[in-house]
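The values are calculated or read from the model by the stated rules, or taken from the named source; none is laboratory data. Fair warning: this is a prediction, and the values are worked out from it, not measured in the lab. Counting neighbours? That spans all protein chains shown, and the Cβs are built from the backbone with ideal geometry, glycine included. Note: areas computed on protein heavy atoms with side chains; ligands, DNA, RNA excluded. Shrake-Rupley method; radii C 1.70, N 1.55, O 1.52, S 1.80 Å.
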Amino acid sequence: MRNHPAIVLVAVLLSTLALPVSLTGAAVALPDIGRELDAGLAAVQWVINGYNATFASFMLAAGALADLFGRRRVFAIGLAIFAGGGLFAVVADDILLFNALRAVAGVGAAAAATSAAAILAGTFHGAARTRAFSAFGTTIGAGLAFGPSISGLLIELFDWRAVFAVPAIAALLVLALVPLLPESRPSGAGRVDWPGTVSFTAALLLLIFGFVQGPEFGWADPRIVGAFVAVPVLLVIFVRVQRRRADPMFDLSLLANPQFVGICLAAATIVAVLVPLLVYLPSYLTTVLGLTPGAAGATLLLLTAPTVVLPLLGGALTRAVPATLVIVVSVAVVAGGAAWATVLGPQVGTATLAGPLLSIGVGVGLSIGLLDALAIGSVAPHRAATGAGMINTSRLASETIAIAVVGAVLASTTAGRLADPGFTDGLRTVLWSMAAVATLAVASTAVLLRRGYRGQS
């Protein structure tokens, strides 16, 4: 019974849906959390940043733990931690405790997500594996895409706490299926890179701390200056640790592969535009435009629905044009959409926002499936898992940093209130900055991918 593929697929896909919903869905609840828990903008930002930072930081370490102690066991532990963090957060009445529990849930999410992919790979083979991972990728996209809409509906039907209770309950349902899943672990699994994990996690958290707390403490505050000074020191330590290890968490030699670097840059840029908008646009739609949480979630479908329906089209396009061209054009479309979205304003309706939001969504949707395939295909087969882990970590780290930077800009322009006056101007500044960064990424990605192509020919 433990080797029944259908049960494996149901368990993995249900858990995979719950984890991203807990990220993007939480964004819709931020205004209500701030009001009920009497929390300022900096504290509320940690609801997202704490979860995302620990998710990103522990993903590769969780993969090593799964190889050492068994994928099913670590999957179960991850689900239990994620569910426990979510359910305890539901009853928390203090923002510091709430944020600490969200960070704990992020650790569980990292363990569950990494182990789920490994379980899927060990259960399915050949064409069945391709179909399974296609469903896996689509489910991740659906979780990110429909998280705000699901959360908006939950808030209107129940309360903002339901946004965190429902994913936790879903994780408990999957936990009940764990005894039916196969156990596996590879032979010759390496050790967990704890020095690398600690140095990378500390650097990421301190960088986020600096951006999130800077507007509140003051940019010259010794705590903020100290955080920013410590980040490069910790990154130097991380690099030295990775170079000395026989089985590094990050294989830095892959950075000499221009095609791989170009793909990671494209992936990081796309999520750095998409995810901060998923986090902060709901607050703008509810506080400035006066939409209900449900209506705000429905509006965000313009941005997110293409990420679910277009990945297959992106794959089909590669039969006519090079996949690398599709990636470059996708980043360019995202850049154009970000610039176009500066039309937003207090009197702007959903129809005006439809064009820019759909443009960004189309750019994301066309590339979301291709990026992972190209990243894995650009490295040697025996390094495929490392390549996949590095592109996923670059995505998560990029979106986490982008959320913090955008939050710092908005906190400065709105005096920590996320409301007009200041919200519209701040968001326009963010969008123009996103467009500029994405445009630079278009040129850089094109050059790197071309160099990689020449190196292979």
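Calculated accessible area for the chain comes out at 40 Å² per residue, all protein chains present (probe 1.4 Å; ligands, DNA, RNA ignored). In terms of packing, defined here as the mean over residues of other Cβ atoms within 10 angstrom, the peptides 141-147, 422-428 line up highest first as 141-147, 422-428. Sorted on the mean count of surrounding Cβ atoms within 10 Å across their residues, most packed first, peptides 162-174, 22-34 read 22-34, 162-174. With all protein chains in place and a 1.4 Å probe, the accessible surface of the chain carries 69 percent carbon and sulfur.
State which helices in the chain qualify, where a helix is a whole DSSP H run, it must extend 24 Å or more along its own axis by its Cα atoms, and its mean Kyte-Doolittle hydropathy must be at least -1.0.
Numbers: long enough: 5-36 (45 Å, 1.48); 41-69 (40 Å, 1.18); 71-91 (31 Å, 1.41); 95-123 (41 Å, 1.57); 127-157 (42 Å, 0.88); 194-217 (33 Å, 1.18); 222-244 (33 Å, 1.31); 258-287 (44 Å, 1.70); 323-340 (26 Å, 2.18); 350-377 (40 Å, 1.61); 384-414 (45 Å, 1.01); 423-456 (48 Å, 0.54).
Correct list, ordered by number: 5-36, 41-69, 71-91, 95-123, 127-157, 194-217, 222-244, 258-287, 323-340, 350-377, 384-414, 423-456.
Let me have the 222 nm mean residue ellipticity of the chain computed from DSSP H runs of 4+ only, each contributing -39500 (n - 2.57), with the sum over all residues rounded to the nearest 500.
Helix-only estimate at 222 nm: -28000 deg cm²/dmol.
Computed about the Cα centre, the dipole magnitude for the chain is approximately 1600 debye when only Lys and Arg (+1) and Asp and Glu (-1) carry charge, each at its Cβ.
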